[in-house]
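Working notes for the structure below.
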């Protein structure tokens, strides 16, 4: 990762949900490689929608999205999925772990559900190493239902970091956690981002955490015509 | 595909109770009609086997079915009676070996079969314990009745009265158990065999009583005329035949007019059988000759018409179950929307998600098929014994 280069660049981005009055319109949005950006704003302002657009989960109705060298908005569904799974680690607010899989299988799940990633012994070792770093190595054979909220979120972060993504999108990654766990999880996330030289865009409501980010974007102002 | 199977297997393992219920339901839906089909086929085979091994049956005109059921399976519905003359008539034709049967009386809920030695040879019945019939009053038990009643050679068995309220009826006869037959897995296992004459004694046609010419009890004698003595009901009748009173047992009149329920006719060859059947074509004949296989086959055809209805019911229930399962699966897909959404968000294609769900169905169907095969194997393996126990008791 070359620091200072643009990792995310969007222009004239527009999005609407069908059968909903919600619409998102962002004139310009850019994040540099290696940057740690916090996105704050009221609920329903479109923060999660932006992350989903950047990850290629949603398709913009107009405008362009560039992540690294790839014009994500120009890719077809399959291309966006492959790009996402190879280059973007997504930490969901509700962890999005599958109840019926063990924690290790959840961490490795991206490798099982697509041909874009190949599950090797080296990947398994890396998963174990990551879980060790996150302090959940003892829980790898257990199921999400047996873990605390903090442990589940650490497992979700392991899953997001495992493919060594260039970009990590975290949607309220610490929203469900108590203060102790919140700090610990964020420490781990920052350490991992630093270790891999990844770019981090994190949506958060927690203003105490904001000083730890390189830049903070108030989404309310930002949507009404502001740029980063 | 291997990863899809792996994930499907993990889902199934995690939801093992739901899976077991689903697999059991599918298995039962498949096993029930198949098992029924096997058991019905086996019962058809066993019923026909007994009938097919009995070439011809002669009995009084009346219900051919009653005649066949009574003579083959010792059914308690007694057909019209005929006389021993019918057996003599067959004997005189020299076309077949006649084996008379008198299946009318019972002992402790089991049939008493009055017959001759030829019956044992004809059915291939052998004595496992004790000996064969030698004296009047002897009886040989089928393998199962001996076990059920807990009787061994040397013990005794009393015939049941035909009607408890008939005060003038015959006395029960205490019979000596002299032998037990080897199991034959047929109706013979549940019968008590006696000589034809013993059966007539049970009916009262043959009897033994105190010698009226020697009795000193005048109150017994009604009238003396020359050598004839008339006695009243006070005269003591023996209810057990033993060495001491054996000689006192006698039959009044010509035994050729004594009753039998049927005569098994074993023709010497096919031609003899055809000729013998021809002898009974006269409509004025008091007897009929039947081929038990035809009668039983006709019965089975009627009974197994129910199978069509049963098959239709099972098919409807099966269809309803399949539709319910489709509904359950569709609803479970709704319940699993979030999980599917998660996998999709992680980067999974819709085709891969469909493959994973299909893999789950395949695993469930495979497990059901395997269980079904095992269950059918067990039913098939035990069908003969099971049907035999249902038919024979």
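We did not get these values from a lab; they are worked out from the coordinates using the rules stated. All values reported here derive from a predicted model rather than from experimental measurement. Backbone-built Cβ (ideal geometry, glycine too); neighbour counts: all protein chains shown.
Results, tabulated for the structure shown:
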{"quantity": "Angle in degrees between helix B:305-335 and the longest Cα principal axis of chain B, rounded to the nearest 10", "calculated": "20"}
{"quantity": "Sorted by Cβ density within 10 Å, fewest first, the residues B:72, B:205", "calculated": "B:205, B:72"}
{"quantity": "Extended-chain gain in nm, criterion 0.36 nm per residue less alpha-carbon gap, residue A:30 and residue A:132", "calculated": "33.3 nm"}
{"quantity": "Segment A:35-91: C-alpha gyration tensor shape, a/c 1.5 cut-off, then a/b vs b/c", "calculated": "prolate"}
{"quantity": "Inter-centroid distance (Cα atoms) of segment B:303-359 relative to segment B:18-97, Å", "calculated": "43"}
{"quantity": "Cα gyration tensor category, rounded, prolate or oblate, for segment B:11-86 with a/c compared to 1.5", "calculated": "prolate"}
{"quantity": "Paramagnetic reach from residue A:115 (point 7 Å along Cα→Cβ, amide N under 16 Å) across segment B:1-38", "calculated": "B:1-5"}
{"quantity": "Fraction of alpha-carbon pairs over 20 Å apart in segment B:321-393 - percent", "calculated": "54"}
{"quantity": "Spacing of the two label points (7 Å from each Cα toward its C-beta) at residue B:283 and residue A:148, in nm", "calculated": "10.2"}
{"quantity": "Highest-first arrangement of B:278-287, B:79-88, where packing means the average Cβ count within 10 Å", "calculated": "B:79-88, B:278-287"}
{"quantity": "FRET efficiency, residue A:210 to residue B:361 (Cβ-Cβ, R0 56 Å, nearest 0.05)", "calculated": "0.70"}
{"quantity": "Scattering profile of segment A:145-215 at q = 0.14, 0.21, 0.26, 0.28 Å⁻¹ [log10 I(q)/I(0), Debye over alpha-carbon scatterers]", "calculated": "-0.40, -0.91, -1.36, -1.53"}
{"quantity": "Diffusion constant of chain A at 4 °C, which comes from Stokes-Einstein with the Kirkwood Cα-pair radius and 1.567 mPa s, µm²/s", "calculated": "72"}
{"quantity": "Computed label-point distance, nm, for sites residue B:13 and residue B:308 using a 7 Å Cα→Cβ extension", "calculated": "5.1"}
{"quantity": "Gyration tensor (Cα) of the protein assembly as shown, equivalent ellipsoid semi-axes in angstrom", "calculated": "98, 25, 19"}
{"quantity": "Between helix B:2-14 and chain B: long-axis angle, C-alpha atoms, 0 to 90°, nearest 10", "calculated": "60"}
{"quantity": "Exercise: per-residue mean of other protein chain Cβ atoms within 10 Å, B:345-355", "calculated": "6"}
{"quantity": "Extension gain from residue B:378 to residue B:250, taking 0.36 nm per residue of separation minus the Cα-Cα distance", "calculated": "40.5 nm"}
{"quantity": "Shielding by partners, peptide A:128-141 (average Cβ within 10 angstrom, other chains)", "calculated": "0"}
{"quantity": "Distance cut-off 30 Å, percentage of C-alpha pairs in chain B lying past it", "calculated": "58"}
{"quantity": "Calculated over segment A:62-166: convex hull of Cα atoms, volume per residue (Å³)", "calculated": "111"}
{"quantity": "Chain B: angle of helix B:16-52 to the longest principal axis, Cα-based, in degrees nearest 10", "calculated": "30"}
{"quantity": "Overall dimensions of segment B:80-133 as given by Cα atoms, namely Rg and Dmax in Å", "calculated": "13.4, 39"}
{"quantity": "Residue A:78/residue B:315 FRET efficiency (R0 60 Å; Cβ-Cβ; nearest 0.05)", "calculated": "0.85"}
{"quantity": "Calculated FRET efficiency for the pair residue B:243/residue B:36, C-beta based, R₀ 51 Å, to 0.05", "calculated": "0.40"}
{"quantity": "Other protein chain Cβ atoms within 10 Å, averaged over every residue that makes up A:52-62", "calculated": "1"}
{"quantity": "Rounded if a/c under 1.5, otherwise prolate or oblate - segment A:99-151, Cα gyration tensor axes", "calculated": "oblate"}
{"quantity": "The protein assembly as shown - share of DSSP beta bridges that are antiparallel (%, nearest 5)", "calculated": "65"}
{"quantity": "Neighbour-count ranking [beta-carbon atoms within 10 angstrom, fewest first] of B:71, B:63", "calculated": "B:63, B:71"}
{"quantity": "Cα centroid of segment A:144-182 to Cα centroid of segment B:105-134, whole Å", "calculated": "85"}
{"quantity": "Cα-Cα P(r), segment B:247-381, percent of pairs per 5 Å interval", "calculated": "2, 6, 7, 9, 9, 8, 6, 6, 6, 5, 5, 5, 5, 4, 4, 4, 3, 2, 1, 1, 0"}
{"quantity": "Helix-derived mean residue ellipticity, 222 nm - over chain B, DSSP H n ≥ 4, -39500 (n - 2.57), to 500", "calculated": "-16500 deg cm²/dmol"}
